[in-house]
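A quick write-up on the structure given underneath.
The values are calculated or read from the model by the stated rules, or taken from the named source; none is laboratory data. Because the structure is predicted, anything quoted here is derived from the model rather than measured. Note that we place each Cβ from the backbone using ideal geometry, even for glycine, and neighbour counts take in every protein chain shown.
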Amino acid sequence: MSKNLNPLDASWLMVESRDTPMHVGGLLRFSVPDDLPADFFRKLIADFRSVRKFSPPWNQRLRTPGMNLKNLWPAWELESDIDLEHHVRLSALPTPGGERELGQLIARLHSQPLDLTRPPWECEVIEGLAGGRQFAIYVKMHHSLIDGIGGIKLLEKAMASDAKTSRKLPPFWSIGTGQRGGGKRRAPTPAEVIAGLTDAVRGQVSNLPDIVRAFGSMLSGLGSKERLAVPFESPMSILNGRIHGQRRFATQRFELERLKRIAAAGSGTLNDVVLALCGGALRRFLVELGELPEAPLTAGIPVSVRPKDDEGTGNAITFIISTLGTDIDDPLERLAAISASTRRAKAHVASLPRRAMTQYTMVLMAPYMMSLVSGVGGRTRPMFNITISNVPGPDRPLYFRGARLEAAYPVSLVTHGQALNITCQSYDGHLAFGFTGCRDTLPHMQRIATYTGKALEELEAALGLGEERKIRRPAKPSRKAASETTPATAAAEAPAPSAAPAPAKARRSRAAATPPAAESAPPAAARRRTKAAPAGEVTDSKPAASSKPGRGKTKGSA
């Protein structure tokens with residue numbers, strides 16, 4: 001039995017390379033149950049490896065295209081002989097098992113390409129986190145096999161809503177999507193193959209008028225201020241050069257209620273607030289490096305078009321493009337610009353019929369994919385500067401083998417011309433950010449994660465929500481009230497030092513980029529778009545020359 005990949009799924013295989021492996025993953029953090037036996041992890045791995053029942057997509061392996069008519073296109077075929085010693089492994093963090101050690105391990109694991117001659121997934125159980133009080137599971141799968149919404153559905157199926165039930169659940173690969181994967185199906189005849197291709201071409205042709213109309217409306221507003229953000233008008237930045245194969249990973253986590261209050265007060269959506277936090281963090285980061293472009297950075301935002309009752313795991317997404325407002329100093333003006341941009345983009349996509357969505361996405365993304373295949377990616381103006389996505393997850397606690405899932409962080413992919421990816425996932429009242437970046441391009445990527453917390457505080461202060469939050473949330477001695485983040489933000493590098501005083505010029509640059517919340521709102525003229533700070537103004541304790549990314553030439557700390 002085999003199943004052909006759709007064009008979007010197949011495109012992820014076409015751009016696979018050693019420097020740009022096309023897999024995505026998730027980092028799941030669990031609290032250790034009170035009755036955890038000493039041999040819990042050894043028995044868990046032994047139990048995992050003893051289960052030989054496999055369900056899609058975990059038992060799907062790529063059939064590479066051949067020269068005969070039946071194998072003209074890559075397809076998934078079922079594999080029963082799966083080496084679980086290769087796919088499932090156990091690792092232990094060195095003492096003290098902190099955020100730095102975890103970030104380094106995830107960055108290293110995510111840097112390694114998958115073996116595409118096997119089912120394209122791997123699972124790493126990680127013990128010794130937080131001094132033994134927590135453990136983690138890291139799973140990665142090839143993007144041609146799964147998208148974000150499909151991954152969330154697999155996560156929910158592999159866990160239970162109470163600890164007792166979760167102890168009896170089998171490994172995730174024996175649950176799968178619930179779709180039937182057994183049995184053999186007759187191979188199609190050449191005549192059936194030709195008939196299928198003819199029907200597919202007929203369907204493509206019938207959608208052409210809708211696609212032409214969509215791109216016509218996208219381009220018709222060029223030159224107008226109230227228009228769609230279009231591909232390839234983004235400025236060049238340090239995020240958009242060539243990349244190498246090693247990765248960095250960092251995390252951030254906020255209460256959903258905080259973000260929703262900002263969305264309501266700022267007349268935007270939750271996604272608009274996420275983009276505003278990312279835009280504010282990137283602005284601060286680039287100002288410190290003296291690398292902020294005058295034109296605003298843009299984000300490519302995946303939008304799910306998967307029906308609610310669709311249990312498949314392949315890619316069912318399209319893309320919209322939005323400004324990130326990095327040319328705007330004032331946080332409220334930045335949020336307003338982002339909200340207006342996303343409203344126009346969503347209205348544009350909503351005008352398309354569902355049947356034309358795949359073809360529209362392929363036409364939209366074709367230049368980007370061709371730039372990667374041809375080798376010009378990272379050498380020309382980017383389609384957009386960064387991919388930012390927000391995946392809705394379970395709103396209730398989940399358990400695995402008696403252990404409570406505390407947080408789920410997405411680990412995504414980067415490509416030539418896209419050295420940074422930010423993906424968010426909601427779970428049980430929180431929104432977790434996963435920052436995945438090229439190690440050489442972004443030697444201090446940790447700061448971007450930290451600066452999203454600063455951007456959140458700026459928005460709360462500008463909207464007058466800071467005092468309200470202090471009243472609503474009682475103080476906790478063990479946690480700073482300013483920002484509910486993970487303890488130290490898991491990252492493959494140490495947090496940037498903040499105790500040492502910065503030079504006066506650098507302090508003025510930071511003040512210009514982000515006015516302190518305690519100060520009164522500046523006049524409108526002072527809140528308009530500003531230019532980048534001069535190069536070399538950084539707050540790191542190292543000399544500016546060594547901390548400025550050099551298009552993949554500068555090495556960062558571990």
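Some points to look at:
- Yes/no for THR298 being polar (S, T, N, Q), under 29 Å from HIS142 (Cβ atoms) and at pLDDT below 95: no
- Selection count where residues are under 21 Å from the mean Cα position of the chain (by Cα) and farther than 16 Å from ASP330 by Cβ, scope region 277-296: 3
- Residue within region 413-432 that is under 23 Å from VAL125 (Cβ atoms), free of Cβ contacts under 8 Å to residues at least 40 places away in the same chain and of a type outside the set (Phe, Trp, Tyr) present: yes
- Residue list for region 91-116, restricted to those being of a type outside the set (Gly, Ala, Ser), touching a Leu at 6+ places or on another chain (Cβ under 8 Å) and under 27 Å from TRP173 (Cβ atoms): LEU93, LEU102, LEU105, ILE106, LEU116
- Which listed residue, of THR450, THR380, is more than 22 Å from GLN134 (Cα to Cα) and at pLDDT 95 or above: THR450
- Some residue of region 394-401 being touching a residue at least 40 places away in the same chain (Cβ under 8 Å) and either in a helix (DSSP H, G or I) or within 20 Å of the chain's Cα centre (by Cα) (or both): yes
- Qualifying residue in region 407-418 (condition: crowded, with 22+ Cβ neighbours inside 10 Å, among the aliphatic types (A, V, I, L, M) and not in a strand (DSSP E or B)): yes
- Selection status of SER91, over 19 Å from ILE45 (Cα atoms) and of a type outside the set (Lys, Arg): no
- Against the conditions (1) crowded, with 20+ Cβ neighbours inside 10 Å; (2) on the phi < 0 side of the Ramachandran plot, VAL373 satisfies every one except (1).
- If you go through region 277-302 and keep only what is in a helix (DSSP H, G or I), closer than 17 Å to ILE422 by Cβ and touching a helix residue (DSSP H, G or I) at 6+ places or on another chain (Cβ under 7 Å), you end up with LEU277, CYS278, GLY279, GLY280, ALA281, LEU282, ARG283, ARG284, PHE285.
- Which numbered condition ILE338 misses (of (1) β-branched (Val, Ile, Thr); (2) at pLDDT 80 or above; (3) in a strand (DSSP E or B)): (3)
- Qualifying position, being in a loop (DSSP other than H, G, I, E, B), more than 18 Å from THR441 (Cα to Cα) and aliphatic (A, V, I, L, M), among MET370, MET383, MET362: MET383
- With a requirement of 1 or more residues that are more than 24 Å from ALA163 (Cβ to Cβ) and in contact with a helix residue (DSSP H, G or I) (Cβ under 6 Å, 6 or more places away or on another chain), the helices (runs of 4 or more DSSP H) lying completely within region 15-112 that satisfy it span 84-87.
Quick grid of which residues meet (1) at pLDDT 90 or above; (2) among the hydroxyl-bearing types (Ser, Thr, Tyr); (3) closer than 29 Å to THR361 by Cβ; (4) over 26 Å from the mean Cα position of the chain (by Cα):
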| residue | (1), (2), (3), (4) |
| --- | --- |
| ASP9 | no, no, yes, no |
| GLY26 | yes, no, yes, no |
| ASP35 | no, no, no, yes |
| ILE45 | yes, no, no, yes |
| ARG49 | yes, no, no, yes |
| TRP58 | yes, no, yes, no |
| THR64 | no, yes, yes, yes |
| TRP73 | no, no, yes, yes |
| GLU99 | no, no, no, no |
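- The number of residues in region 114-142 being crowded, with 24+ Cβ neighbours inside 10 Å and in a loop (DSSP other than H, G, I, E, B) comes to 2.
- Filter pass, THR387 being touching a Phe, Trp or Tyr at 6+ places or on another chain (Cβ under 9 Å) and under 17 Å from GLY148 (Cβ atoms): yes
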